[in-house]
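K.L.:
This is the structure, below, for whatever I ask next.
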Amino acid sequence: MKISKEELETLQLHDATVELAVNLIKVNGYVIIEGVLPQEKVTELREAFKACMNWFIDKHGEEIYLNKKGFNEGTNHLGILLPFAPPFNDSLVIEHPFALAIIDRILGTDYAVTLFSSNTSLPGGKKAQPVHPDYGARFGDLCKISLPITDLVFNIPLVDVDDGNGPMEIWPGGTHLLPDHYYGPNGPNPDELASHMHSIKVHMPAGSILIRDVRMWHRGTPNRSNEIRPNLALIYSASHRDNSVQIPQETYDNLSERAKHLFRWQKIGYPVIEPTHE
Ligand SMILES: O=C(O)CCC(=O)C(=O)O
């Protein structure tokens with residue numbers, strides 16, 4: 001969806017825009033607002049991210065490129081946990097006013113960040129990932145009803161994404177609304193059903209924001225360009241989940257009150273991590 005110049009400049013969404021975004025997430029599983037972050041911020045994030053990725057590949061590339069099959073069995077997809085440091089912990093990333101305005105209406109205001117990470121489709125991938133939701137069933141085989149939305153992924157692409165550089169493919173419209181047990185190992189296999197269903201390859205300009213229910217089926221696709229295609233990936237959750245973001249005390253103390261609240265479940269008072277495999 002597109003928004004007005006005034007909303008972009010004031011960093012404040014009109015009430016009708018928030019309502020539309022919320023309803024799209026509730027009914028369709030996701031919303032995209034195009035070209036939200038300023039170009040200079042996107043460039044800064046992209047260059048810093050490339051440096052992290054290069055560092056990571058120098059250090060861990062060989063052990064992951066097992067059997068010359070490529071990362072993750074030839075998908076060349078890589079999830080890297082980000083250091084909680086500039087420019088990644090910029091307020092436009094961790095507490096973007098558009099994202100919070102939308103997420104507040106879905107999760108209430110007491111939610112927190114439970115993932116601070118990235119997903120990258122690297123050049124040379126030979127196949128797509130299996131179609132998957134990001135989280136499994138909350139109650140194993142027990143719960144036969146659909147649960148409310150409790151976890152939302154917030155993605156920011158750091159490059160323009162099109163068919164050539166490994167767009168995320170999504171199955172919107174209902175795959176986030178299934179009974180809880182469908183997301184478990186004994187539920188229907190998304191990878192078997194998905195080829196019979198309608199999907200969309202998500203094209204979006206760098207600096208867009210994509211907010212999606214973690215349960216919506218999706219997959220990473222192969223990147224046929226020569227450049228990496230990174231998405232920053234945060235998850236905002238209504239209830240506590242395993243946490244691993246290490247935040248030095250001084251960094252935490254300097255966050256806004258809202259950001260402190262958003263990161264309160266993390267490891268406060270620990271040193272910043274190196275970029276680490278998810
Ligand atoms: O950013 C993408 O292409 C999605 C990647 C993904 O779904 C995953 O790695 O689990």
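The values are calculated or read from the model by the stated rules, or taken from the named source; none is laboratory data. Since the structure is predicted, the reported quantities are computational estimates derived from the model, not experimental observations. Neighbour counts run over all protein chains shown; Cβ positions are idealised from the backbone, glycine included. Heads up: the accessible areas ignore ligands, DNA and RNA and are worked out on the full protein's heavy atoms, side chains in. Shrake-Rupley method; radii C 1.70, N 1.55, O 1.52, S 1.80 Å.
K.L.:
Might you tell me the accessible area per residue for the chain, computed with a 1.4 Å probe and given in Å²?
P.N.:
46 Å²
K.L.:
Can you give me the distance in nm between label points at Glu62 and Ser195, each placed 7 Å from the Cα along the Cα-to-Cβ direction?
P.N.:
Here the answer is 3.8 nm between the modelled labels.
K.L.:
Would you mind putting 144-151, 39-46, 87-94 in packing order, based on average other-beta-carbon counts within 10 Å, highest first?
P.N.:
Result, highest mean Cβ count within 10 Å first: 87-94, 39-46, 144-151.
K.L.:
I'd like the FRET efficiency for Glu257 and Phe139, computed as 1/(1 + (r/R0)^6) with the beta carbon distance as r and R0 of 41 Å, rounded to 0.05.
P.N.:
Once the sixth-power term is evaluated, E becomes 0.75.
K.L.:
Lysines near Lys59 by alpha-carbon distance under 30 Å, same-chain residues fewer than 8 away left out - which ones?
P.N.:
Straight-line reach from Lys59, under 30 Å: Lys41, Lys50, Lys68, Lys69, Lys126, Lys127, Lys267.
K.L.:
Which value in nm describes the separation of the simple spin-label points at Glu34 and Leu11, placed 7 Å from the Cα toward the beta carbon?
P.N.:
Result: 2.4 nm between the two label points.
K.L.:
Let me ask something else. Which value in deg cm²/dmol, rounded to the nearest 500, describes the helix-derived mean residue ellipticity at 222 nm for the chain, given -39,500 (n - 2.57) per DSSP H run of n ≥ 4 and division by the residue count?
P.N.:
The per-residue figure over the chain is -8000 deg cm²/dmol.
K.L.:
Further question: Put a dot 7 Å past each Cα toward the Cβ at Trp55 and Ser146; how far apart are the dots in nm?
P.N.:
So the two model labels end up 4.3 nm from each other.
K.L.:
Towards the positive end of the charge dipole of the chain, with charges on Cβ (+1 Lys, Arg; -1 Asp, Glu), say which of Ser244, Tyr111, Pro130 has the farthest Cα.
P.N.:
Pro130
K.L.:
At a 1.4 Å probe radius, carbon and sulfur cover how many percent of the accessible area of the chain?
P.N.:
Carbon with sulfur: 53 percent of the solvent-accessible area.
K.L.:
In whole Hz and in residue order, list the ³J(HN,Hα) couplings for region 268-278 that follow from phi through the Karplus curve 6.51 cos²θ - 1.76 cosθ + 1.60, θ = phi - 60°; x for Gly and Pro.
P.N.:
7, x, 10, x, 4, 7, 6, x, 10, 4, 4
K.L.:
Hey, which aspartates and glutamates would be in cross-link range of Lys2, C-alpha to C-alpha under 17 Å, not counting anything within fewer than 8 residues on its own chain?
P.N.:
Asp15, Glu19, Glu34, Asp160
K.L.:
Can you give the relative contact order of region 5-267 as a percent, counting alpha carbon pairs under 8 Å and 6+ residues apart?
P.N.:
Once normalised by length, the contact order is 31 percent.
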